[in-house]
Amino acid sequence: MSSFSGRGPGVQLLAPGEEMNIPYEDPTTGAQSIAEDVAGTSWASPEIIGTVALIKQVNPNFTAAQVIFDLENSGVPTYDASSGITYPRLDVYNAIPSPTR
């Protein structure tokens, strides 16, 4: 967990927000690049939304509750010593329901 991550019983899921490499396209030149070691909790939201989109693509009939259940229950348990709480950390691969797993 990042030092600036939210903590407490209301946190349902962790997602990357520090030391991330983000691909982007320069809107002026169209050149593609990678922003390295990006940090900020606002980067966590796109990670979760992208995973939700993948889950819904595989199973479009999933309800919001089923998607949240998958996200939380497929996450990697991550202990935070400062709060004493173990949170699920996003695991995209395990969050995507698959009939072969």
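Please treat every number below as a calculation from the coordinates, not as lab data. Given the structure is predicted, the values throughout are model-derived calculations rather than measurements. Neighbour counts run over all protein chains shown; Cβ positions are idealised from the backbone, glycine included.
Just to be sure I understand: with springs between alpha-carbon atoms less than 10 Å apart, which residue in Gln32, Gln12, Gln57 has the highest mean-square fluctuation in the Gaussian network model of the chain?
Looking only at Gln32, Gln12, Gln57, the largest GNM fluctuation is found for Gln32.
Between beta-carbons, use under 9 Å as the cut-off and find the net charge around Asn21, counting Lys and Arg +1, Asp and Glu -1. Mind dumping the intermediate values first?
Details: positive: none; negative: Glu19, Glu36, Asp37.
My count for the surroundings of Asn21 gives -3.
Might you report the magnitude of the Cβ-based charge dipole of the chain about its Cα centre, with Lys and Arg at +1 and Asp and Glu at -1, to the nearest 20 debye?
On the way: 4 positive and 11 negative charges, 94 e Å.
Magnitude of the dipole: close to 460 debye.
Filter the GluC sites (Glu not before Pro) in the range 1-64 down to the DSSP loop ones having no more than 10 other Cβ atoms within 10 Å, then list what survives. Spell out each step's value before the answer.
Values: sites: Glu18, Glu19, Glu25, Glu36, Glu47; in loops: Glu18, Glu19.
In loop regions of the range 1-64 (DSSP not H, G, I, E or B), the sparsely surrounded GluC sites (Glu not before Pro) are Glu19.
Per 10 Å bin, what is the whole-percent P(r) computed from every C-alpha pair distance within the chain?
Reading the bins upward from 0: 14, 39, 31, 15, 2.
Which of Thr41, Thr86, Thr63 moves most in a GNM of the chain, Cα contacts under 10 Å?
Greatest mean-square fluctuation among the candidates belongs to Thr63.
Amide H to amide H under 5 Å from Leu14: which residues, 5+ apart in sequence or cross-chain, H placed 1.01 Å off N in plane?
Sorted by chain and number, the residues that satisfy this are Arg89, Leu90.
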